[in-house]
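The values are calculated or read from the model by the stated rules, or taken from the named source; none is laboratory data. Only a predicted model underlies this, so the values are computations on that prediction, with no experimental measurement involved. Methodologically, a virtual Cβ is constructed for each residue, glycine included, from the backbone with ideal geometry; neighbour enumeration extends over all protein chains shown.
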Amino acid sequence: MNRMSDAPAPEPHHATVEFHEPGDVLPHLLGLDGLGYVEAVRDGRLPPDPLMEAMGIAVTEVEAGRVVMEAVPQRHHLNLGGIVHGGFLATILDAATGFALHSTLPAGATSPHVAVAYQFLRAGLPGVRMRADAQVLRKGTRLGHVRAELSDENGRQLATAETTHAVVVVDGFDHLQAGPSA
C-alpha cells in the first residue's frame, strides 16, 4: 500500500515577486563605471539584477573592490528539510562577488563568472537576515578573483565563496539580450 496516496496533498502557498526587465535597465548603464552602477543600485536609483530583485537581495555597502549584500530568506526559499536552500546561499554569494569585481571596472566593461567554489558551513534559517561581504583579492586586465563570506544576523558564518571572473570590455549593449549565446 502506498502511504502517499492516503495523505491529502498539501495546500500550496503563494509569493509574488517584482523585477525589472534587463533590457529596460541596460540603456541607463551607458557611461557609468562599475562603481557608479553599484552605488546607483545601493541608493535605489537603478534596480539590481532581476534575480536579486525577485529574491530580495539588496546592496547595502559598496566601495571600490568591496560589496556587502543582505537578504532575509523567506519560507519559499527553504528546502524540504526546512532550512534555507543552498541555491539561495549560492545566489547571494554569486551576486556579491560579481558586484564586488564590477565595482572596480571602467564604463563599458563587465565581469561574468567563469569559476565558482562554495563551502556551506551552517544552515540558514527563514526570517534571519543574511549578510554577504565580498572583497576583490586580485583584479587583472583579463581575470579577477573574489572571496566572500556569508553570515547571519547572529554572527554565525554560514558559507564562503571564491570566484573567478573574466574581465570583458563591451562595445555598447546592443548584443546583450536574452536567449542563447552566439
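All conditions in (1) touching a Lys or Arg at 6+ places or on another chain (Cβ under 7 Å); (2) under 21 Å from A54 (Cα atoms) hold for G98, with the sole exception of (1).
Do we have any residue at all in the range 122-142 that's surrounded by fewer than 16 Cβ atoms within 10 Å (Cβ to Cβ), out of contact with any Lys or Arg (no Cβ under 8 Å at 6 or more places or on another chain), part of a loop (DSSP other than H, G, I, E, B) and hydroxyl-bearing (S, T, Y)? Checked against the condition, which is being surrounded by fewer than 16 Cβ atoms within 10 Å (Cβ to Cβ), out of contact with any Lys or Arg (no Cβ under 8 Å at 6 or more places or on another chain), part of a loop (DSSP other than H, G, I, E, B) and hydroxyl-bearing (S, T, Y), the range 122-142 yields at least one hit.
Candidates are the residues of the range 66-83 that are in a strand (DSSP E or B) and surrounded by fewer than 20 Cβ atoms within 10 Å (Cβ to Cβ); the one that is modelled with the lowest pLDDT is L78. Of the set (1) among the acidic types (D, E); (2) modelled with pLDDT under 95; (3) under 18 Å from the mean Cα position of the chain (by Cα), all apply to D174 but (3). Here the condition is being over 23 Å from V169 (Cα atoms), of a type in the set (D, E) and either free of Cβ contacts under 8 Å to residues at least 24 places away in the same chain or surrounded by fewer than 20 Cβ atoms within 10 Å (Cβ to Cβ) (or both); of E53, E63, it holds for E53 alone. Taking the range 35-50 as the range and being buried (at least 22 other Cβ atoms within 10 Å of the Cβ) and not in a helix (DSSP H, G or I) as the test, only P48 passes.
If you check L89 against the conditions, is it farther than 21 Å from L29 by Cα and crowded, with 20+ Cβ neighbours inside 10 Å? Considered against the rule, which asks whether it is farther than 21 Å from L29 by Cα and crowded, with 20+ Cβ neighbours inside 10 Å, L89 comes out as yes. Among the candidates G31, G23, the residue that is within 22 Å of S111 (Cα to Cα), modelled with pLDDT under 85 and assigned to a loop (DSSP other than H, G, I, E, B) is uniquely G31. Filtering the range 141-159 to residues that are closer than 30 Å to A109 by Cα and touching a residue at least 60 places away in the same chain (Cβ under 8 Å) leaves L150, A159.
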